[in-house]
Amino acid sequence: MTDPILELKDVHSGYGSIKALKGISLRVYPGEVVAIIGANGAGKSTTLMTICGIVKAERGQVIYKGQVINTLLPEKLPTLGLCQVPEGRRIFPRLTVMENLRLGAFYRKDTDEILKDIQKAYEMFPILGERKNQEGGTLSGGEQQMLAIARALMTKPKVLLLDEPSLGLAPIIVQQIFNIIDRINKEDGTTILLVEQNANLALQAATRGYVVETGQITLEDDSTSLLANPKIRAAYLGE
Amino acid sequence: MIHEFKKVWKPYTLGLLWVLGLLWPLLGIHPDGTLSFERTLIVWLYLLVVSFVCLILYLMNKSGHLELMKNPLSAAWSKGAVAAKVPPVWGWFLVGLMLAMLFPLFTGRYHQDVAINVLIYVCLGLGLNVVVGLAGMLDLGYIAFYGVGAYTYALFNIHYGIPFWVCLPVSGALALVVACIVGYPTLRMRGDYLAIVTLGFGEIIRIILNNWMTLTNGPNGIMGINRPGIFFPSFADGFSWEHLWLKKLWLLYYVALGLAVVTILCVHRLNFSRVGRAWESIREDETAAELMGVNTFIYKLLAYAMGGMFAGFAGAFFAARMKFVSPESFTFLESAMVLCMVVLGGMGSIPGIILGAAALIVLPELFREFELYRMLAFGSVMVLMMLFRPEGLLPAKRLGTRSEEREG
Amino acid sequence: MDYFIQQLINGITLGGIYALIALGYTMVYGVIQLINFAHGEFFAAGGYVGVILLSYFAGRGLMETHPWICLGMSFMLTMGYCAFLAMGVEKVAYLPLRNQSRLAALLSALGVSIFLSNALMLTQGVFDKPYPGELFNGGWEFGLVTISYLQVMIVTMTIVLLVSLNILVFKTKMGMAMRATAQDKTMSALVAIGSNRIISLTFAIGAGLAAAAGIMVGLYYGSVRYDMGFVPGIKAFSAAVLGGIGNITGAMLGGLIIGMVEIFGAGYISGQYKDVFAFIILIAVLYFKPTGIMGVNVDDTRV
């Protein structure tokens, strides 16, 4: 295989004296969909936040395209093509859908392209086009998730980090969201790192998966093997 | 060390240039249409030298170059700290008290004067500590209650000739009542809103003192307030009580000392009582405290009122000692100064506040020639403390251990 | 009736000035939830730099020949000066405390405020410093009502500044980024908005507006004093709270109301207690409607 586009080497991080990650190492190769599964509080979200530099890595390295990025300011990363859709969507509630999308393209200077991309986002998510002048906070949960993904796509990511995209959504919406994730991966060739509590769903969408327990990677395998693994089935798939 | 310097020289230089850019228009542009650079540069060079020395010391400390000097000092300090723990706290308190009692025997008027000032501010600081340090409410209008106490005694004494000792509890009580009246509507707010509202109330009270001519004689103040008196047993003509005005400064010093000791004891007892625990819970997390069944409003009001009461006592003594009160003494800057003492010493820590009050009163006296720069120094000390040692010089010991301390 | 109209005009003038100061409080609070106690000092510094520059121009005799250019220059330079001052203050005293308790930041702000007002006193003296010349003497008279040229200038200038600010915040990309930062700093970083830069910018804009207000007050009352920032500062903060803190339109409206209340209170109730009215409004608003007249919900109406 080629070089990994994103690599974590023995990353430790945490909040104050609470250590959330105790040596996470993982690799993501270009064009993959990789899932990180694990229980509540295992450190899945912290892993993504550490990659994005919001939580500082105390030890270890985060390497993106051969460059160590954990020393950079978090706001640099989207300009390099690394973007996260955080847990709970985090739409700017008092900005309109349109403004939310334009903020996704904040660092970009190519005005015409931005407008085109916004049109593309409306095609991909027709509901957003209908509500483009509505404030983000008035959207439903599923619409907000779509807006969050669309906003992240506005940064033209090479690697998209998705944190719990299924959280609190109706099953039919979840299915839509995962179809879109699949489309983003297939059509644009965007690499996707997916964090999910819904292990079944995540592993079906992903090519490979990591299992995180109390801040450490305990298992790494192809998703088909993980899905077949009896331990995983017992712990995360409720069997 | 060199490595550390490399990291900071850029922001440091930028900061210095920033200061220069700000200073020059203030010092170098003259109304007669001329420009000058000399004075600006001199002031700037002073700043440069002072800040550079501080920076080097700070960096040496950080990179461990001061260890040679610091090691014996810190060893001595920790040894001292261990030794200090051998006698109980009340032992140290008694020793301090003895020294304070003996103080007037060896000193002159000037020193006693300064000492009285320190003691008044100790009372004020401890009172404010109840509000800010224990209950965690930032009160920026605190000095108003001091004013209420002072004016209460002044007015009762001037108009009705009521003596100090009768007025002292009345002053405290009245300040407490005013604190309740002010606190009732305001204490529903939290944090910064509370700060600004108390600031507003403090100003309102000062403006009222300043403008209610018929009652307070406005900005001219009230003069001719009596000193405290005591009854002294006299055996000259059989047994009788002789009334004696406390005119000697050292006698007043003992009154101030008594007041300060009572305040210290009260605040200490409060701190370690059920009420103190309730306050601590409110300070740490008001919502959680409320959910645990602490009636936060009542306890906040209580803290506010207690703080006001201590200020009232101190105010009454202040009026008696100065024999004069005017609204000038109760400005926002006084509030800020008391707050500065509490912050400098360590919020919630009684020895810290005593130290803070002593430092902020005595140091300006020692550097009289720099009198002008006093408030400038206060301001910078407040910022620097927040940046480098937000818990104060002698931080409060907290009861029990906290989960995050145990984990780390 | 004439008296009433006269007071109305004075009230609008003063209210506009308060609105300009209030905007700085409200914007900073909106972005980092800090009451910037030093904001009143930015205003005072503006008044001083204004008087220094105008005196300088007067000393060179430029005031007679090109009064408008001098005035314009003074406004621009002063606003720039205060913006520069505020950005530095933010870097030194607030930025390192961003993750500390709010009490620490508030005390730091208080320290900065004391420091700045004393620095002004030490460099400029304790006495009132008069504004030079009779630049805007005179005015229009309508019966007993007078509108001075100065009042017209102040109101016009205020309107221009308020409109430009509204355009900046609601129509430009920078303004959008400011509003986004106010709502969610982490998410802003995830879409490449550097929150520190935005916060710096917010401080600069707020201080610039306060500086303009400082010159206006200097011109209006004829002199400045080192401690002039304190009381207008609290009143402007009251205005910001009255309008719903974090809400720009609210701050403008709040400033106007506070100005009116002060002028009418002084005119019809008592001149001595004019400073009390603003505080009473502040306390009443916080008691009865802590979100202010324009605030719908404190959490998401910021900036």
For chain B, find the longest principal axis of its Cα atoms and tell me its angle to the long axis of helix B:274-284, 0 to 90°, nearest 10.
-> 30
Can you tell me the equivalent ellipsoid semi-axes for region B:191-329? Use √(5λ) from the Cα gyration tensor, largest first, whole Å.
-> 38, 25, 10
Taking the Cα centre of the protein assembly as shown as origin, work out the dipole magnitude from +1 charges on Lys and Arg Cβ and -1 charges on Asp and Glu Cβ, in debye rounded to 20.
-> 1300
Descending semi-axes in Å of region B:1-131, equivalent ellipsoid built from Cα gyration tensor | 44, 28, 14
May I ask you to list the lysines whose Cα is less than 24 Å away from that of A:Lys132, ignoring any residue fewer than eight positions away on the same chain?
-> A:Lys109, A:Lys116, A:Lys120, A:Lys156, C:Lys171, C:Lys173, C:Lys185
Which lysines does C:Lys274 reach when only Cα atoms under 17 Å apart count, and residues fewer than 8 places away in its own chain are ignored?
-> C:Lys235
Kirkwood Rh in Å, taken over all unlike Cα pairs in region A:1-105 = 14.9
How far is helix B:332-345 tilted off the main Cα axis of chain B, in degrees rounded to 10, range 0 to 90?
-> 70
For region C:1-143, what Kirkwood radius comes out of the mean inverse Cα-Cα distance, in Å?
-> 17.6
What number comes out for the charge environment of B:Tyr110, summing +1 per Lys or Arg and -1 per Asp or Glu over other residues with Cβ under 12 Å away?
-> 0
Considering every residue in C:263-275, what mean count of other chain Cβ atoms within 10 Å of its Cβ is obtained?
-> 2
Using the Kirkwood radius over Cα pairs of region B:92-396, the Stokes-Einstein translational diffusion coefficient at 20 °C and 1.002 mPa s, in µm²/s and rounded to a whole number, is 108
Most exposed first, judged by fewest Cβ atoms within 10 angstrom, A:Thr71, A:Thr207 run A:Thr71, A:Thr207
Expressed as a whole number of Å, what is the distance separating the alpha-carbon centroids of region A:1-17 and region B:45-59?
-> 40
Mind checking the alpha-carbon convex hull of region C:53-98 and giving the volume per residue in Å³?
-> 51
Quick one: grab the alpha carbon gyration tensor of region B:292-408, order the square roots of its eigenvalues as a ≥ b ≥ c, and give me rounded if a/c is under 1.5, else prolate or oblate depending on whether a/b is larger than b/c.
-> oblate
Near A:Leu153, within a Cβ-to-Cβ distance under 9 Å, what is the net charge of the other residues, with Lys and Arg +1 and Asp and Glu -1?
-> +1
Computed from the beta carbon distance with a Förster radius of 30 Å, FRET efficiency for C:Asn137 and C:Ser270 to the nearest 0.05 stands at 0.50
What relative contact order, as a whole-number percentage, does chain B give when Cα pairs under 8 Å and 6 or more residues apart are counted?
-> 24
Just B:Leu387, B:Leu302, B:Leu249 to compare: in a GNM of chain B, with alpha carbon springs under 10 Å, which one fluctuates most?
-> B:Leu387
Percent of C-alpha pairs per 10 Å bin, region B:2-79, short to long = 16, 32, 23, 17, 9, 3, 0
Measure out, as a whole number of angstrom, how far apart the alpha-carbon centroids of region B:160-192 and region B:324-362 sit.
-> 19
Starting with the highest mean, order C:168-174, C:46-52, C:214-220 by the number of other Cβ atoms within 10 Å, averaged over the residues of each peptide.
-> C:46-52, C:214-220, C:168-174
Rounded to the nearest 500, what is the protein assembly as shown's calculated 222 nm mean residue ellipticity when only DSSP H runs of at least 4 contribute -39500 (n - 2.57) each, over all residues?
-> -20500 deg cm²/dmol
Going by how many other Cβ atoms sit within 10 Å of their own, how do B:Cys123, A:Cys52, B:Cys54 line up, fewest first?
-> B:Cys54, A:Cys52, B:Cys123
Dipole of region B:2-79 [Lys/Arg +1, Asp/Glu -1 at C-beta], most positive-end residue of B:Pro25, B:Ile42, B:Val53 | B:Val53
Counting all C-alpha pairs of chain C, share separated by more than 24 Å (%) | 51
Taking a temperature of 20 °C and a viscosity of 1.002 mPa s, what whole-number D in µm²/s does Stokes-Einstein yield for the protein assembly as shown with Rh from Kirkwood over alpha carbon pairs?
-> 68
Most mobile of A:Lys76, A:Lys56, A:Lys44 in a GNM of chain A (Cα contacts under 10 Å) | A:Lys76
Mind checking which of B:Thr214, B:Thr107, B:Thr198 has the largest fluctuation in a GNM of chain B, springs on alpha carbons under 10 Å?
-> B:Thr214
Cα gyration tensor of chain A diagonalised, 5x eigenvalues square-rooted, in angstrom largest first, produces semi-axes 28, 21, 17
Taking N as its residue count, the alpha carbon Rg of region C:101-236 over 2.2 N^0.38 Å | 1.36
Excluding residues fewer than 8 places away in the same chain, name every one of the lysines whose C-alpha is closer than 30 Å to that of B:Lys79.
-> B:Lys62, B:Lys70, B:Lys397
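No value in this document is a laboratory result; all are computed from the given coordinates. Treat the numbers as computed from the prediction; the structure is a model and nothing was measured. Glycine also receives a Cβ, built like all others from the backbone with ideal geometry; neighbour counts cover every protein chain displayed.
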